[in-house]
Amino acid sequence: MNVDDVIAERIAAARARAELAKKQRAARAAARKRGVAIRNAAKLRNRNYRPKETL
């Protein structure tokens with residue numbers, strides 16, 4: 001095993017870490033987007049809510 005092999009392994013490992021981080025960021029962004037949509041829908045539902053009149 002020479003220096004070029006060691007460097008190639010390190011580069012491959014760094015690329016794998018970067019790809020994993022990219023996938024994690026995308027997953028978190030998608031979850032955040034879904035959460036915002038759910039909160040917005042709840043806000044709109046609650047905004048139009050009128051309690052029943054008591055008799």
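The values are calculated or read from the model by the stated rules, or taken from the named source; none is laboratory data. Note that the coordinates shown come from a computational prediction; the quantities given were computed from them, not determined experimentally. Note that we place each Cβ from the backbone using ideal geometry, even for glycine, and neighbour counts take in every protein chain shown. Protein only, heavy atoms only, side chains kept; ligands, DNA and RNA dropped before computing areas. Shrake-Rupley method; radii C 1.70, N 1.55, O 1.52, S 1.80 Å.
In degrees, nearest 10, range 0 to 90: what is the angle between the Cα axis of helix 3-47 and the longest Cα principal axis of the chain?
0 degrees
FRET efficiency for Ala16 and Ile38, Cβ-Cβ distance as r, R0 = 22 Å, nearest 0.05?
It comes to 0.10.
For the chain, what does -39500 (n - 2.57) per DSSP helix run (n ≥ 4), summed and divided by total residues, give at 222 nm, in deg cm²/dmol to the nearest 500?
-30500 deg cm²/dmol
Accessible area per residue of the chain at 1.4 Å probe, in Å²?
103 Å²
Would you work out the Kirkwood radius for the chain? I mean one over the mean of 1/r across all pairs of different Cα atoms, in Å. Kindly include the intermediate steps, with their values, before the conclusion.
Details: mean 1/r = 0.0644 Å⁻¹.
Evaluated over the chain, this radius sits at 15.5 Å.
Note down the nm distance, to one decimal, between modelled labels 7 Å out along Cα→Cβ at Ala8 and at Ala30.
Each label point lies 7 Å from its Cα, and together they span 3.4 nm.
Hey, any idea what % of the chain's accessible area is carbon plus sulfur with a 1.4 Å probe? Can you show the working numbers first?
Numbers: 3210 of 5680 Å².
Ligands and nucleic acids excluded, carbon and sulfur give 57 percent.
Mind checking which of Ala14, Asn48, Gln24 is farthest towards the positive end of the chain's charge dipole, using Cβ charges of +1 (Lys, Arg) and -1 (Asp, Glu) about the Cα centre?
Asn48
What's the FRET efficiency of Lys23 with Arg45 using the Cβ-Cβ distance as r and R₀ = 35 Å, to the nearest 0.05?
With R0 = 35 Å, the Cβ-Cβ based efficiency is 0.60.
Please list, by residue number, every one of the GluC sites (Glu not before Pro) in the chain that is coil in DSSP and has at most 15 other beta-carbon atoms within 10 Å. Kindly include the intermediate steps, with their values, before the conclusion.
Numbers: sites: Glu9, Glu19, Glu53; in loops: Glu53.
Loop-located and lightly packed - Glu53.
Looking at the chain, which trypsin sites (Lys or Arg not before Pro) are in a loop (DSSP not H, G, I, E or B) and have at most 16 other Cβ atoms within 10 Å?
Lys52
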